[in-house]
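Undergrad: Questions regarding the structure given below will be posed in turn.
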Amino acid sequence: MHELSIAQSIVDVVETRAAECNAARVKHVRLRIGEANGIVNDSLSFCFEMVASTIPPLAGAQLIIDSVPHRARCQYCDEEFAVANFIAQCPTCQEWSQEIISGTEFQVLEMEIEVV
């Protein structure tokens, strides 16, 4: 389960930033995660809650995940299309040459804190 190591990395980043801001408590953390990352959002949320519960300022913090669809653009016909099951074949012209335009994102967008 790679979600546990990802959750640990998120907690590490948030804990560091919270300390820099003199936060007494972190209320929530918002992420943007692309579908192409292969992350199971429910598993990540569970792992985040488990890891965060061991750090007092993060205990009880909510993880909010904004999912980004996996999409591509055909380099031949310029069609934009959804990538399903990691198969990026253009549904219009059947070509395989494409540019991935979304779905690979992984960002910590924001965190809400209470300051001391």
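Undergrad: Tell me, in nm to one decimal, what length is gained between Y76 and R32 on full extension, where the rule is 0.36 nm per residue of separation less the Cα-Cα distance? Kindly include the intermediate steps, with their values, before the conclusion.
TA: Details: separation 44, 0.36 × 44 = 15.84 nm, distance 2.96 nm.
Using 0.36 nm per residue and subtracting the Cα-Cα distance, I get 12.9 nm.
Undergrad: Let me ask another. May I ask you to compute the full-extension gain from I55 to S9, defined as 0.36 nm times their residue separation minus their alpha-carbon distance, rounded to one decimal in nm? Write out the running numbers ahead of the final one.
TA: Values: separation 46, 0.36 × 46 = 16.56 nm, distance 1.34 nm.
So the chain would gain 15.2 nm between I55 and S9.
Undergrad: Here's another thing I want to ask about it. If you place +1 on the Cβ of every Lys and Arg and -1 on the Cβ of every Asp and Glu, how big does the dipole about the Cα centre of the chain come out, in debye to the nearest 20? Can you show the working numbers first?
TA: Working: 7 positive and 17 negative charges, 50 e Å.
Roughly 240 debye, rounded to the nearest 20.
Undergrad: Out of Q75, H2, T92, whose Cα points farthest toward the positive end of the dipole of the chain (charges: +1 Lys, Arg; -1 Asp, Glu; placed on Cβ)?
TA: It is H2, whose Cα lies furthest towards the positive end.
Undergrad: Now for a different question. Between exposed chymotrypsin sites (Phe, Trp or Tyr not before Pro) in the chain, where DSSP calls loop and at most 14 other Cβ atoms lie within 10 Å, what's the longest gap? Spell out each step's value before the answer.
TA: Details: sites that count: Y76, F86, W96.
It runs 1-75.
Undergrad: Through the Karplus equation 6.51 cos²θ - 1.76 cosθ + 1.60, θ set to phi - 60°, convert the phi angles of the range 89-104 into ³J(HN,Hα) values in whole Hz; use x for Gly and Pro.
TA: 9, 4, x, 8, 10, 6, 6, 9, 7, 9, 10, 6, 10, 6, x, 9
Undergrad: Angle, helix 41-52 long axis vs. longest principal axis of the chain, Cα atoms, 0 to 90°, nearest 10?
TA: 20 degrees
Undergrad: Explain nothing, just the number: relative contact order of the range 7-116, from Cα pairs under 8 Å at least 6 residues apart, as a whole percent. Please list the in-between numbers first.
TA: Numbers: 213 pairs, mean separation 42.1, N = 110.
Relative CO of the range 7-116 lands at 38 percent.
Undergrad: Using the 10 angstrom Cβ neighbour count as an exposure proxy, how do M50, M111 rank, fewest first? Present the calculation step by step, with values, prior to reporting the outcome.
TA: Values: M50 13, M111 21.
Fewest to most other Cβ atoms nearby, the residues stand as M50, M111.
Every read-out reported here was derived from the displayed coordinates using simple, explicitly stated rules and does not represent laboratory data. This structure is a prediction, so every number in the text was calculated from the model and none was measured. Because the Cβ atoms are built from the backbone with ideal geometry, glycine has one as well, and the counts that use them run over all protein chains shown.
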